[in-house]
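This report refers to the structure that appears directly beneath it.
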Amino acid sequence: DAKTTQPTSMDCAEGRAANLPCNHSTISGNEYVYWYRQIHSQGPQYIIHGLKNNETNEMASLIITEDRKSSTLILPHATLRDTAVYYCIVRLLTGTASKLTFGTGTRLQVTL
Amino acid sequence: GAVVSQHPSRVICKSGTSVKIECRSLDFQATTMFWYRQFPKKSLMLMATSNEGSKATYEQGVEKDKFLINHASLTLSTLTVTSAHPEDSSFYICSARVSGTGLSPLHFGNGTRLTVT
(Lines give C-alpha, C1' and ligand atoms only; values in the text may rest on other atoms or scores of the structure.)
Protein backbone atom coordinates (compact mmCIF):
# COMPACT_ATOMS: atom_id res chain seq x y z
CA ASP A 1 0.00 0.00 0.00
CA ALA A 2 1.14 3.56 -0.74
CA LYS A 3 2.74 5.49 2.09
CA THR A 4 1.03 8.57 3.48
CA THR A 5 2.43 11.68 5.13
CA GLN A 6 0.47 13.71 7.66
CA PRO A 7 1.38 16.57 10.00
CA THR A 8 2.11 15.36 13.49
CA SER A 9 -0.35 17.67 15.19
CA MET A 10 -2.87 20.43 14.57
CA ASP A 11 -5.04 22.72 16.65
CA CYS A 12 -8.52 23.93 15.84
CA ALA A 13 -10.92 26.23 17.64
CA GLU A 14 -14.28 24.75 18.53
CA GLY A 15 -16.93 25.61 15.96
CA ARG A 16 -14.41 26.20 13.20
CA ALA A 17 -13.66 23.86 10.34
CA ALA A 18 -10.76 21.47 10.82
CA ASN A 19 -8.84 20.74 7.64
CA LEU A 20 -6.51 17.79 7.93
CA PRO A 21 -4.13 17.25 5.01
CA CYS A 22 -2.63 14.00 3.79
CA ASN A 23 0.01 13.45 1.16
CA HIS A 24 -0.02 10.18 -0.80
CA SER A 25 2.08 11.02 -3.83
CA THR A 26 2.79 7.39 -4.72
CA ILE A 27 -0.83 6.29 -4.78
CA SER A 28 -1.79 4.01 -7.64
CA GLY A 29 -4.96 4.16 -9.70
CA ASN A 30 -6.81 1.39 -7.85
CA GLU A 31 -5.98 2.47 -4.31
CA TYR A 32 -8.58 4.12 -2.12
CA VAL A 33 -8.04 6.79 0.53
CA TYR A 34 -9.53 5.94 3.93
CA TRP A 35 -9.75 8.11 7.02
CA TYR A 36 -10.10 6.79 10.57
CA ARG A 37 -9.79 8.48 13.92
CA GLN A 38 -8.87 7.20 17.34
CA ILE A 39 -10.06 8.88 20.47
CA HIS A 40 -7.85 8.22 23.46
CA SER A 41 -7.99 4.63 24.74
CA GLN A 42 -10.60 3.55 22.20
CA GLY A 43 -10.50 1.56 18.99
CA PRO A 44 -10.28 3.44 15.69
CA GLN A 45 -13.49 4.75 14.17
CA TYR A 46 -14.14 4.82 10.45
CA ILE A 47 -14.85 8.30 9.05
CA ILE A 48 -14.93 8.27 5.27
CA HIS A 49 -13.25 6.90 2.16
CA GLY A 50 -12.96 7.77 -1.53
CA LEU A 51 -11.25 6.93 -4.79
CA LYS A 52 -11.13 10.13 -6.84
CA ASN A 53 -14.37 12.03 -6.35
CA ASN A 54 -15.00 14.21 -3.35
CA GLU A 55 -17.11 12.49 -0.72
CA THR A 56 -19.31 13.76 2.09
CA ASN A 57 -21.14 12.03 4.90
CA GLU A 58 -22.62 12.99 8.24
CA MET A 59 -19.20 13.15 9.86
CA ALA A 60 -16.92 14.81 7.35
CA SER A 61 -15.99 15.68 3.79
CA LEU A 62 -13.09 14.24 1.84
CA ILE A 63 -11.48 16.32 -0.86
CA ILE A 64 -9.10 14.47 -3.18
CA THR A 65 -6.94 16.44 -5.61
CA GLU A 66 -7.31 15.78 -9.31
CA ASP A 67 -3.93 14.05 -9.51
CA ARG A 68 -4.89 12.04 -6.38
CA LYS A 69 -1.54 12.76 -4.77
CA SER A 70 -3.08 14.40 -1.74
CA SER A 71 -6.35 14.74 0.09
CA THR A 72 -7.94 16.78 2.86
CA LEU A 73 -10.37 15.64 5.51
CA ILE A 74 -12.72 18.42 6.56
CA LEU A 75 -14.66 18.44 9.82
CA PRO A 76 -17.01 21.36 9.12
CA HIS A 77 -17.72 22.41 12.71
CA ALA A 78 -15.21 20.88 15.08
CA THR A 79 -16.25 20.13 18.65
CA LEU A 80 -14.21 19.14 21.69
CA ARG A 81 -15.29 15.54 21.08
CA ASP A 82 -13.43 15.60 17.76
CA THR A 83 -10.11 15.73 19.61
CA ALA A 84 -8.39 12.55 18.44
CA VAL A 85 -5.63 11.11 16.28
CA TYR A 86 -6.68 11.07 12.64
CA TYR A 87 -5.22 8.47 10.31
CA CYS A 88 -5.11 8.74 6.54
CA ILE A 89 -4.64 5.33 4.95
CA VAL A 90 -4.26 4.31 1.34
CA ARG A 91 -5.49 0.83 0.64
CA LEU A 92 -5.50 -1.49 -2.29
CA LEU A 93 -8.75 -3.41 -2.48
CA THR A 94 -8.13 -7.11 -2.75
CA GLY A 95 -11.10 -8.58 -0.95
CA THR A 96 -12.17 -8.87 2.65
CA ALA A 97 -8.70 -9.98 3.73
CA SER A 98 -7.23 -6.68 2.57
CA LYS A 99 -5.51 -5.22 5.59
CA LEU A 100 -5.10 -1.65 6.83
CA THR A 101 -1.66 -0.31 7.63
CA PHE A 102 -1.68 2.65 10.00
CA GLY A 103 0.85 5.47 9.90
CA THR A 104 1.50 7.92 12.71
CA GLY A 105 -1.53 10.11 12.03
CA THR A 106 -2.33 13.70 13.00
CA ARG A 107 -3.18 14.54 16.57
CA LEU A 108 -6.01 17.09 16.37
CA GLN A 109 -6.62 19.18 19.46
CA VAL A 110 -9.88 21.11 19.47
CA THR A 111 -9.86 23.99 21.92
CA LEU A 112 -12.44 26.38 23.35
CA GLY B 1 -24.19 -0.38 11.91
CA ALA B 2 -21.64 -3.16 12.24
CA VAL B 3 -20.41 -3.61 15.81
CA VAL B 4 -17.29 -5.38 17.00
CA SER B 5 -17.16 -6.27 20.68
CA GLN B 6 -13.97 -7.04 22.56
CA HIS B 7 -13.66 -8.65 25.96
CA PRO B 8 -12.22 -7.99 28.44
CA SER B 9 -11.59 -4.27 28.17
CA ARG B 10 -8.85 -4.44 30.80
CA VAL B 11 -6.87 -7.30 32.24
CA ILE B 12 -4.00 -7.56 34.67
CA CYS B 13 -2.08 -10.80 34.86
CA LYS B 14 1.07 -12.11 36.42
CA SER B 15 4.18 -12.83 34.43
CA GLY B 16 4.17 -16.36 33.06
CA THR B 17 0.41 -16.76 32.85
CA SER B 18 -1.75 -16.77 29.71
CA VAL B 19 -4.51 -14.37 28.81
CA LYS B 20 -7.31 -14.84 26.29
CA ILE B 21 -8.95 -11.91 24.52
CA GLU B 22 -12.21 -12.36 22.63
CA CYS B 23 -13.36 -10.46 19.57
CA ARG B 24 -16.94 -10.82 18.39
CA SER B 25 -18.78 -9.39 15.43
CA LEU B 26 -22.22 -8.78 16.92
CA ASP B 27 -24.44 -8.18 13.92
CA PHE B 28 -22.50 -9.46 10.96
CA GLN B 29 -20.37 -12.37 9.85
CA ALA B 30 -16.66 -11.97 9.38
CA THR B 31 -14.54 -14.57 7.66
CA THR B 32 -11.50 -12.42 8.38
CA MET B 33 -10.56 -10.51 11.51
CA PHE B 34 -7.42 -8.54 12.22
CA TRP B 35 -5.48 -8.19 15.45
CA TYR B 36 -3.49 -5.04 16.19
CA ARG B 37 -1.24 -3.98 19.05
CA GLN B 38 -0.61 -0.43 20.14
CA PHE B 39 2.05 0.80 22.55
CA PRO B 40 1.63 4.15 24.35
CA LYS B 41 1.79 7.16 22.04
CA LYS B 42 2.45 4.88 19.07
CA SER B 43 0.38 3.89 16.07
CA LEU B 44 -1.43 0.59 15.61
CA MET B 45 0.72 -2.30 14.43
CA LEU B 46 -0.92 -5.22 12.66
CA MET B 47 -0.05 -8.49 14.37
CA ALA B 48 -1.99 -11.08 12.42
CA THR B 49 -4.92 -11.81 10.16
CA SER B 50 -7.37 -14.31 11.57
CA ASN B 51 -9.15 -16.54 9.07
CA GLU B 52 -12.27 -18.52 9.96
CA GLY B 53 -11.63 -22.23 9.79
CA SER B 54 -7.95 -21.96 8.93
CA LYS B 55 -4.62 -20.86 10.34
CA ALA B 56 -3.93 -17.23 11.05
CA THR B 57 -1.43 -15.27 9.01
CA TYR B 58 1.15 -13.51 11.15
CA GLU B 59 3.08 -10.36 10.33
CA GLN B 60 6.83 -10.48 10.25
CA GLY B 61 8.34 -10.47 13.71
CA VAL B 62 5.20 -11.67 15.51
CA GLU B 63 5.66 -15.00 17.26
CA LYS B 64 2.82 -17.32 16.34
CA ASP B 65 3.50 -19.63 19.29
CA LYS B 66 3.25 -16.75 21.71
CA PHE B 67 0.17 -15.09 20.25
CA LEU B 68 -2.26 -17.91 19.55
CA ILE B 69 -5.19 -17.02 17.36
CA ASN B 70 -8.32 -19.10 16.94
CA HIS B 71 -11.16 -18.16 14.60
CA ALA B 72 -13.60 -20.99 15.15
CA SER B 73 -16.76 -19.30 13.92
CA LEU B 74 -17.85 -16.47 11.66
CA THR B 75 -18.44 -14.20 14.62
CA LEU B 76 -15.65 -15.01 17.06
CA SER B 77 -11.88 -14.77 17.03
CA THR B 78 -9.68 -15.16 20.09
CA LEU B 79 -6.14 -14.04 20.81
CA THR B 80 -4.27 -15.82 23.58
CA VAL B 81 -1.09 -14.27 24.89
CA THR B 82 0.85 -17.23 26.25
CA SER B 83 3.44 -17.02 29.00
CA ALA B 84 2.95 -13.29 29.21
CA HIS B 85 5.83 -11.00 30.16
CA PRO B 86 5.82 -7.33 31.14
CA GLU B 87 6.93 -6.35 27.63
CA ASP B 88 3.66 -7.82 26.33
CA SER B 89 1.79 -5.10 28.20
CA SER B 90 -0.03 -3.19 25.49
CA PHE B 91 -3.36 -2.19 24.00
CA TYR B 92 -4.71 -5.00 21.81
CA ILE B 93 -7.39 -4.15 19.26
CA CYS B 94 -9.32 -6.39 16.91
CA SER B 95 -11.20 -5.45 13.77
CA ALA B 96 -13.43 -7.07 11.19
CA ARG B 97 -15.07 -6.38 7.89
CA VAL B 98 -18.43 -7.64 6.70
CA SER B 99 -17.80 -10.81 4.68
CA GLY B 100 -17.83 -10.47 0.93
CA THR B 101 -17.42 -6.72 0.92
CA GLY B 102 -13.82 -5.76 0.22
CA LEU B 103 -14.75 -2.12 -0.19
CA SER B 104 -16.48 -1.74 3.17
CA PRO B 105 -14.53 -0.24 6.06
CA LEU B 106 -13.00 -2.16 8.91
CA HIS B 107 -14.90 -1.97 12.17
CA PHE B 108 -12.84 -1.95 15.32
CA GLY B 109 -13.42 -3.16 18.84
CA ASN B 110 -12.72 -0.86 21.75
CA GLY B 111 -9.53 -2.65 22.63
CA THR B 112 -8.14 -4.61 25.55
CA ARG B 113 -5.53 -3.07 27.79
CA LEU B 114 -3.24 -5.80 29.02
CA THR B 115 -0.93 -5.18 31.96
CA VAL B 116 1.53 -7.90 32.89
CA THR B 117 3.05 -7.58 36.35
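Table for the structure above
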| quantity | calculated |
| --- | --- |
| A:Asp67 - accessible surface, heavy atoms, 1.4 Å probe, Å² rounded to 10 | 100 Å² |
| Percent accessible area from carbon and sulfur atoms, the protein assembly as shown, protein chains only, probe 1.4 Å | 51 percent |
| No Cys partner within the rule (Cβ under 4.7 Å), chain B | B:Cys13 |
| Global geometry of the stretch B:25-75, whether rounded, prolate or oblate, following the gyration tensor of its Cα atoms and the 1.5 cut on a/c | oblate |
| Filtered trypsin sites (Lys or Arg not before Pro), the stretch B:32-106: DSSP coil and at most 15 other beta carbons within 10 Å | B:Lys41, B:Lys42, B:Lys55, B:Lys64, B:Lys66 |
| Most mobile listed residue (A:Glu14, A:Glu31, A:Glu66) in chain A, GNM with C-alpha springs under 10 Å | A:Glu66 |
| Per-pair calculated FRET efficiency, R0 = 22 Å: A:Ile63 and B:Asp27 via Cβ, rounded to 0.05 | 0.10 |
| Pairwise FRET efficiency - B:Lys20 versus B:Ser54, Cβ, R0 = 30 Å, nearest 0.05 | 0.95 |
| Among B:Val81, B:Val19, B:Val62, residue whose mean-square fluctuation peaks in a GNM of chain B (springs only between Cα atoms under 10 Å) | B:Val62 |
| Residue of B:Thr75, B:Thr31, B:Thr57 that the Gaussian network model of chain B assigns the largest fluctuation, springs spanning Cα pairs under 10 Å | B:Thr57 |
| Residue-normalised accessible area of chain B, expressed per residue, 1.4 Å probe, Å² | 48 Å² |
| Average beta-carbon neighbours from other chains, 10 Å sphere, peptide A:30-43 | 3 |
| Averaged over B:36-44, number of beta-carbon atoms from partner chains that fall within 10 Å | 4 |
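The values are calculated or read from the model by the stated rules, or taken from the named source; none is laboratory data. Please read all numbers here as calculations on a predicted model, not as lab measurements. Because the Cβ atoms are built from the backbone with ideal geometry, glycine has one as well, and the counts that use them run over all protein chains shown. Side chains included, ligands, DNA and RNA excluded: accessible areas come from the protein's heavy atoms. Shrake-Rupley method; radii C 1.70, N 1.55, O 1.52, S 1.80 Å.
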